[in-house]
Structure formats: C-alpha cells, structure tokens
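Structure, as structure tokens:
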Amino acid sequence: MNDRTLRGLGLMLLATSSLTAFPALAQDNSAEPQTTGQSTAPATNATDVTGETPAEQVANDGNEPDPSEIVITATKREENLQNVPISVTVLGSRKLDQLNITNFEQYTKQLPSVSFQTAQPGYTVVYMRGVATGGDGNHSGSLPSVGTYLDEQPVTTIGGTLDVHIYDIARIESLAGPQGTLYGASSQAGTIRIITNKPELGVTTGRIDGELNKVSHGGVGGNLEGMFNMPLGANIALRAVAFYQKDAGYIDNIFGSRSYAYPGGSIDFDNSNVTKRNFNTNEVYGGRVALKVDLDDNWTILPQFMYQKQNTEGVFFRDKAQGDLETVRFMKEPARDRFWQAALTVQGKIANFDVTYAGAYMDRPRYGVSDYTDYTDAYNQYYIDYYNTYVDTYGVAPSFCSGPGILGCQVYRDNAGNIINPRQYIVGTDHFKKMSHELRVASPADKPVRAIVGAFLQRQTNHIKQDYKIDDLADNLSVGGYPGTIWLTNQQRKDKDSALFGEVSWDVVQTVTLTAGGRLYKFDNTLFGFAGFGAGNPGGYSSGENRCLTINGLQARNDPGVPLAQGNSGLDIPCYNVADVDSSGRAVPRRSKGDGHIYRFNAQWKPQQGLMVYGTMSKGFRPGGINRQPDAPGYQPDFLTNYEFGWKTTFMGNRIRWNGAIYHQKWEGLQFSYLGPNSLTVIQNGRNANINGIESDVNYTNGGLSFSANAAYTNAKTSGNICNAAIVIDPSKDCTGIIDVNDPADPTDDDIDSIVVPSGTRLPVTPKFKGSVVARYSWPMWTGKAHVQGVVAHQSSAPSNIRVADAALLGKIDASTLVDMFVGYDWGRYNVELFGSNVFDERNQLSRSVGCGLCDQVRIVPGRPRTFGLRGGVKF
C-alpha cells in the first residue's frame, strides 16, 4: 500500500470524524441558512457531461461533473441546474451508484426537504417542506400532496408511493414547493422525478452488478442487476434492465398469548406455531425495456415498459411494549405488490416549436393478510371498562352484556351456537389503475420571450376490498354473502382530473427574466360501495347493512320495510351505504367535483457569471374527496401558497456550488385524517398552517476529492384551533357547544365540540432539521483507482400526528444520526467495494402508529440495522 493510499484512508477517517459532529453543530445554529440541492445529474441523454456512459462512470470513478454543466428537465425544458429558478435537489447517475441507492428510503436520506411515513415497503406516504398531518395514506383518503414521476409520466398512487427499484437511473430530481402549474394536483407540496437512462443509438454496452450483505440482528441478503444497450439499426436502439433483490429480515416474532373471558370460561390461544426470527423479508424483482426510434432529424418516439413485483413476509414494525426489534403476531402475514406500466413519449418539432406527447397506463394490484388481534384486544378492554363502569353506576349489568369482555358484551358464535375465538384478521386487496395523457408545445428556448402550453388528462381507479375475518363465525353474524366476514369494505374509487396549463418567460434585459404560469383545472372524484358489519352483528347498528340506503335515500334503520336502492357498480356487496340516491331511487356514487386555477410568478436576476437570485410566489392545490363513514360529509380542496427567495452560485472555477432558498408557506383548509368510529378513517378540513423554512446545499470538487452537504430547517405550525367536529369546519367556530354528529332525533350520539388541535401545534412527521454530508476521495493505485467515502445523515425528532391526543399516545419519532462508509477499487472494466450502512447500528425510527382507533399498542417502524456487504460489477 503506497503513501497516497495511506493518505486517502487517513483522510476518510478524519472526514468521518468531523462529519459526525456536523449535525449537532448545524442544529445549534439552525437560524443560519441551511439546505437543498445536492447534485451530479447527467444530461438528458444517456451520457454524463464528462462524456462517459453510465457503465463507464462506474469504472472510471474520479472527478465529479462540472457543476455549471448539470442539465435537468424540472421545468419541462432542458436547462442548466444553476439557471432554473426553483429549489431542486438532484442525485445523478454516478451519485446514486456511489451511495449504493436502490430504493425510496435510501434516496430520501439525501433529500433534505422530503419526509415520509411508512408501514412496510410499498406502503409509504411522502411529504415535502412540512406539509403533513400524519394519519394519511388510506386507500379511500386524501390524494397525495407530493407527486411522483417516472420519466414524463406520473406514477403518483393513493395509499402508498410506488417504490421504483433504482438501477440504471440517470438522475432523481426533487422539486420543493408547489409545482402544480406544470405537474398538477398531487404536486401541491413538491414533485419527485425519477429519470431513467434512455437507449443510445450506435452503442453496444452493458453492465452487471451484484451484492451480498449481512444485517446485524438479522439474515443475509443481496441483489443481482444488469443493463444492456444495443442498436437495432441506424436509427433504432434498445435498452433493457433486469434486477433481483432480497432484503434479509431483522424483526423477531416472539411468543405471545391471549385470554378472553366469558361467563363460565375463556378463550385462550398463543402464537407458538408462527414464532420466527428475522421474519420480515422483502423480495423485489422486475425489469424495464425502452426502444428509441428516430423517425427523422426532428421526431423521436420512445415506448417504454416496466414491470416490478414485491413480495414481503411478516411485518416491519416492532412493538413498543416488547424488546428491541421484537413483535408479537398471531399469524403469517404475506403481502404482494405488483405493478406494470406501459408508457409512450413522442418528441418532435413543428416549425421551430418543440412538441411532446407523454402517455401511460399503469396497473397495480396488491394483496395482503394482516393480523388484527390488536383490534380484538382493544375492544375486549373497552367492554371490560364499559361493563364495570355501568355496574358501578347502575348496580346492574348492561342489558346486552352477559359478562365483561368482548365475549360477554359482543358474543361471537359459530352456526352451532358455540362461542368462538373472536380474533380478527384482514384479507385485503387493492387494484389501482392509472391512465394519463399530456400534450405540450414549447416555443424556441433561445428567444427572449418563450412559452410552454399544454393539456393534461388523467383517470385513476382503485377497487378497494378489505375482508375482516373471524374463523368459524356464524352466518347470521357475518356480512350478507360473505360467511366468516365480520366487516367488509368493498368500494370503487375513481379520480378524474383534467387541466390546461402554461408558462411564459420574458428576458426583460439580459440579466433579468420574469415568468408567469397558470393552470386551469377540473376534478371529479367518486366513491361507491359498501363498508360495515352485517345486519345481525351486535355492533351493526353503527355501520354496515343497517345503514344501507333505501330508494327514499334514507338509511334502512330509519326507513324499515322500504326496498333498498340498487346500483350498477358491478361490486359483489349486500347493499350500498357509501353512495347517494338519485331522484329515481337508484344508488349512485358519492361525488366531489370542482374547478379552479392556480399560478406561479417568478423573477430571476443574474448580476454576474456564476450568480443567480430569484423570487417566487406559487400556489398548489389538492382536490376534495369523499368520506366512507356513513354520516361524515365530504371534505374540500386545500391550498398551499408559497413565497420563496433563492440563490444559486458557482465560484472558484466552478469547483464550489452553493444553492439555497428561504420560504414562507401558508396552508389553507388543510386536510387531515384520523381513525373515527369503528376505526374508519375520517378526513376533514382544518383551518390553516404556516410553514417557514430554509434549504441549502454546498458542493465542492477538486481532483479526486468531492464533498457535498445539504440541510433543511422547517418550522411548521397550525394557525387557528381545529375542532372535534366530524363536519366541514366553519371558520367562525370556537370549538364549544354541542355538535349533533349523526341522528338529530337521537341525543345519545351528540358530541361536545372541543379543541383537538390547538393553534400553534407543530405539524407532524417532518423534523425541524434534516441534513446529510458526503465526503469521497479517489486516487490512482496500481492499475486502477481506489476510493473511500463517508456519509452522515441526521434528522431531529418530530411529532407523529397532528391531533394532540393521538400524538401523546404515539410519542415522538426520535432523532437519529446514521453513518455509512465505503472503500473500493476500480480497474479496467471491473469494480469492487466493501461497505457498511448504519455502521453504528442506530435504531432510527421511520414512523409510529397504532392498529385501530381504540388501540394503544404503539408500533414503531425502525430503519434497517447495521449492514455490511460486498458489491462488485463488470461492464462490457
């Protein structure tokens, strides 16, 4: 080992030691400008600005690309990153490889303005700049506030962000702040764009990469990935990608037992047949293929297809009441998440105008089995408390209870009349489909006045089916037509939106540019079907068949003997209770529709080479929607207005780049979700919230040394009290008095309206401070290049829910600091690397939750424990 090698290793240790102290220092000085925009993005073709193909970048690791030449398409034009007047963080192809990034959780560590909640892979809700309330992600809840794009096509989904496997990716662009004028309704708070490498004409190249890793407290995993690019003619090229990844488990399902008492006996059981170490495994495989066809010098068509399947076993949370990385589950819990997308992009010119069409169709079916024993535990304790309180107060037992506990107050029997185990589990299926079309025209980019105008159309559907089962349940206690089903959700959701959009930029003088943009939108969202208990269930009065709608538009319990309304959803359900009834007595979908406009105004000034400052005022929105809770009305759109000042600088011969932004956001009529009666998610509008923040990033390159740091400080709080009324909030409400929630003639269901979110409450999920530092040094050694790299990612603590009572139960998401280390060697066409992620085995927390509305067993989703591995690759 020569002196340069020793110096490199010494530098790595010094950098890691100093970087470990950085988060605490930055947190102490959080009033200083901090955050956004990492970046080593290649140009929009498959080569980097260094002239290397992605495969060559792996082997020829060294200097970073010139920061002044990074090209992105965030504004739907090819533009230099330093000229784009919005806050953008970019992770380029080389950076993604260097950081060994393969999934959503890994790349969001490097995106300071992004936070998220997750239950397990594929069930993640994304937030940006503090626009979060917690409790989101239900398949019949609010649309996402952050849009996700795969190339030109939106892949934003309801109930879980698409976790696209990251391999052979040109770059990931994170656009902070409202992007609605160009990207639509679900880009209210920002947009994440995953840009794939495209086929290269006249080039035959490929690469194969593999990894083997070991998780502390867990098992062994790894992956195998490959890419191949080949010409099929002078004007045609094909690029194909395939991947397989197996993530080892690290959660242990330990022994647990339950006993539910009833008069004269009890139901006792345990989970000894399913206890297992490291039972939360994850397997992902799939591929992409793209064909590039140059029809002539002006027109190109690019059909693409992607397929990915994810198989998980077990759960990815630990029980707060158990030991480290331990949970108690009573059955196997497999889940399957599969999607495919067929996309087409056509680009060309008409005269001097650029024309782009982007269309796609996506199909995503999901299946999962979930243990719901927590729900049974919670209601067992609820009935014990209810029974004892009633006896203490009145001296007699409640008329519908023969004893305390769920089997004393809500008896479950089989068809022979025997009392059965009341433990529940859920068999759930979602089938999400999405079709989108966009056509836009851009005037020449080299003119002092230039414009982009376009039209957008999107249709999303989701068949939601959640079957809550109790083994051997009597038919008369089951939902009609579903023996053994205690509760059924079977609904069809449709979300349609269309828009006309445009932006115009004017170079007033050589150094000053003004931009104005707008979007005219329409949305039409519906929900149709059934949710609830069977008619014979003791709890069925509150929801289910007793609330089915009659031809008079009334609930069956209030309109006895009248025929039920029929509909044409095609769903296999006993009746309709998530619906409206038209004048002819037919059941029709509940509907939320509206239209409006949003805007963006921007001014940028370039006083000198390497310096640009800008100011932005922009507005984003999210459509309203429908509650499936029978008596809960729909919720209205919410809006986000952003005021931002930013700067982008390069100096010292382009070796240093410093970008940043300071912003103030006002979130009006914020939508928030919570578990209401029968643990049904309810969405309502609150009042407003104010969000203030700073984002900044610094990048330095010099020969074989590269250093980057980014950070975000976010201060997000509510403005105005939010009341406990399950109705649309009237701004004049003071959160006092009696609110009749259900039946005006039934005073027993009246609620005392109260404050559930006081004014000034901090918005949840988003840490006040989040940042990361990456230091890398490479040097010639023997016949190739060696490198060392250290990564430190830190975030402060955050509340877990906007509702004060829920947040107190769940507790805070703890602060964490993660350290990753890499050492490797590249020679010729080969590369090999040893790495350690989370090397100090920090038990970082991704989210906290409970299983139902009455549940108090807190579930904590930890990040991946310390992992050591070896990876290598070859190009050809």
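The values are calculated or read from the model by the stated rules, or taken from the named source; none is laboratory data. Small disclaimer: the values here were computed from a predicted structure and weren't measured. Glycine gets a Cβ as well: all are built from the backbone with ideal geometry, and neighbour counts include every protein chain shown. In case anyone asks, the SASA skips ligands and DNA or RNA and just uses the protein heavy atoms, side chains included. Shrake-Rupley method; radii C 1.70, N 1.55, O 1.52, S 1.80 Å.
Selection of region 263-312 for residues being over 30 Å from residue 377 (Cα atoms) and over 35 Å from the mean Cα position of the chain (by Cα) yields 294, 295, 296, 297, 298, 299. Scanning region 524-541 for residues that are crowded, with 20+ Cβ neighbours inside 10 Å and of a type outside the set (Phe, Trp, Tyr) gives 525, 526, 527, 529, 531, 532, 534, 535, 537, 540.
Scanning region 609-643 for residues that are more than 21 Å from residue 130 (Cβ to Cβ), at pLDDT below 95 and in a strand (DSSP E or B) yields a count of 1.
Taken over region 476-509, residues that are over 25 Å from residue 436 (Cα atoms), open to solvent by 30 Å² or more (accessible area, probe 1.4 Å), out of contact with any Pro (no Cβ under 8 Å at 6 or more places or on another chain) and at pLDDT 95 or above amount to 3. Checked against the criterion of being buried (at least 18 other Cβ atoms within 10 Å of the Cβ) and at pLDDT 95 or above, the candidates 336, 366 yield just one match: 366. Please enumerate the residues belonging to region 475-503 that are among the aromatic types (Phe, Trp, Tyr) and either more than 24 Å from residue 525 (Cα to Cα) or free of Cβ contacts under 8 Å to residues at least 12 places away in the same chain (or both). Listed by number, the residues that qualify are 482, 487. The residues on offer are 780, 767, and the sole one that is open to solvent by less than 20 Å² (accessible area, probe 1.4 Å) and either among the β-branched types (Val, Ile, Thr) or out of contact with any Cys (no Cβ under 8 Å at 6 or more places or on another chain) (or both) is 767. Annotation note: Cβ proximity below 9 Å between a residue of region 410-426 that is closer than 19 Å to residue 399 by Cβ and open to solvent by 50 Å² or more (accessible area, probe 1.4 Å) and a residue that is acidic (Asp, Glu) and modelled with pLDDT of 95 or more (sequence gap 6+ or interchain) occurs for 413/472. Residues that are open to solvent by less than 50 Å² (accessible area, probe 1.4 Å) and aromatic (Phe, Trp, Tyr) within region 664-702 comprise 667, 672, 674, listed in sequence order. Evaluating residue 573 against the criteria (1) aliphatic (A, V, I, L, M); (2) farther than 28 Å from residue 186 by Cβ; (3) assigned to a strand (DSSP E or B) leaves one unmet condition, (3). In this structure, residue 646 qualifies as touching a Phe, Trp or Tyr at 6+ places or on another chain (Cβ under 6 Å), open to solvent by less than 20 Å² (accessible area, probe 1.4 Å) and either part of a strand (DSSP E or B) or over 26 Å from residue 508 (Cα atoms) (or both). Test residue 527 against the criterion of being out of contact with any helix residue (DSSP H, G or I) (no Cβ under 9 Å at 6 or more places or on another chain) and farther than 30 Å from residue 412 by Cβ, and give yes or no. In short, no.
Would you confirm, using the coordinates I've provided, whether residue 452 is in contact with a helix residue (DSSP H, G or I) (Cβ under 9 Å, 6 or more places away or on another chain), surrounded by 15 or more Cβ atoms within 10 Å (Cβ to Cβ), β-branched (Val, Ile, Thr) and more than 30 Å from residue 123 (Cα to Cα)? So residue 452 passes the test.
Please tell me if residue 761 is open to solvent by 20 Å² or more (accessible area, probe 1.4 Å), among the β-branched types (Val, Ile, Thr) and over 20 Å from residue 813 (Cα atoms). In short, no. Taking every residue in region 240-257 that is closer than 13 Å to residue 313 by Cβ and pairing it with any residue that is of a type in the set (A, V, I, L, M, F, W, C) and open to solvent by 10 Å² or more (accessible area, probe 1.4 Å), at least 6 positions away or on another chain, the pairs with Cβ-Cβ distances below 6 Å are 248/220; 249/279; 253/279. Suppose the filter is part of a strand (DSSP E or B), out of contact with any Leu (no Cβ under 9 Å at 6 or more places or on another chain) and open to solvent by 20 Å² or more (accessible area, probe 1.4 Å); does residue 437 pass it? The answer is no for residue 437. Count of region 797-817 residues, restricted to those that are surrounded by 21 or more Cβ atoms within 10 Å (Cβ to Cβ) and in contact with a Lys or Arg (Cβ under 7 Å, 6 or more places away or on another chain), is 5.
Scanning region 122-141 turns up no residue that is touching a Lys or Arg at 6+ places or on another chain (Cβ under 9 Å), hydroxyl-bearing (Ser, Thr, Tyr), open to solvent by 10 Å² or more (accessible area, probe 1.4 Å) and assigned to a loop (DSSP other than H, G, I, E, B). The conditions are (1) crowded, with 22+ Cβ neighbours inside 10 Å; (2) over 28 Å from residue 610 (Cα atoms); (3) aliphatic (A, V, I, L, M), and residue 661 fails exactly one of them. Which is it? Condition (2) is where residue 661 drops out. Reported count of residues in region 157-178, each being open to solvent by 10 Å² or more (accessible area, probe 1.4 Å) and either without any contact (Cβ under 8 Å) to a residue 60 or more places away in the chain or assigned to a strand (DSSP E or B) (or both), is 1.
Is it the case that region 372-380 has a residue that's within 29 Å of the chain's Cα centre (by Cα), surrounded by fewer than 16 Cβ atoms within 10 Å (Cβ to Cβ), among the hydrophobic types (A, V, I, L, M, F, W, C) and not in a loop (DSSP other than H, G, I, E, B)? There is no residue in region 372-380 that is within 29 Å of the chain's Cα centre (by Cα), surrounded by fewer than 16 Cβ atoms within 10 Å (Cβ to Cβ), among the hydrophobic types (A, V, I, L, M, F, W, C) and not in a loop (DSSP other than H, G, I, E, B).
Apart from one condition, residue 298 fits all of (1) in a strand (DSSP E or B); (2) touching a Lys or Arg at 6+ places or on another chain (Cβ under 6 Å); the exception is (1).
When the strands (runs of 3 or more DSSP E) confined to region 180-261 are screened for residues that are closer than 30 Å to residue 523 by Cα, those reaching at least 2 such residues are found at 190-196. The residue that is farthest from residue 646 (Cα to Cα), among those in region 67-116 that are of a type in the set (S, T, N, Q) and under 15 Å from the mean Cα position of the chain (by Cα), is 103.
Can you tell me which residue in region 271-287 is farthest from residue 119 (Cα to Cα), limited to those that are open to solvent by less than 30 Å² (accessible area, probe 1.4 Å) and not aliphatic (A, V, I, L, M)?
If we take residues in region 271-287 being open to solvent by less than 30 Å² (accessible area, probe 1.4 Å) and not aliphatic (A, V, I, L, M), then 287 is farthest from residue 119 (Cα to Cα).
All but one of (1) farther than 22 Å from residue 492 by Cα; (2) modelled with pLDDT of 95 or more; (3) surrounded by fewer than 17 Cβ atoms within 10 Å (Cβ to Cβ) hold for residue 521; state the number of the condition that does not hold. Evaluating residue 521 over (1) farther than 22 Å from residue 492 by Cα; (2) modelled with pLDDT of 95 or more; (3) surrounded by fewer than 17 Cβ atoms within 10 Å (Cβ to Cβ) leaves (3) as the failure. Here is the figure for region 241-270: residues that are buried (at least 18 other Cβ atoms within 10 Å of the Cβ) and out of contact with any Asp or Glu (no Cβ under 9 Å at 6 or more places or on another chain) total 4. Here residue 556 meets each of (1) farther than 30 Å from residue 179 by Cβ; (2) at pLDDT 95 or above; (3) aliphatic (A, V, I, L, M) with one exception, condition (2).
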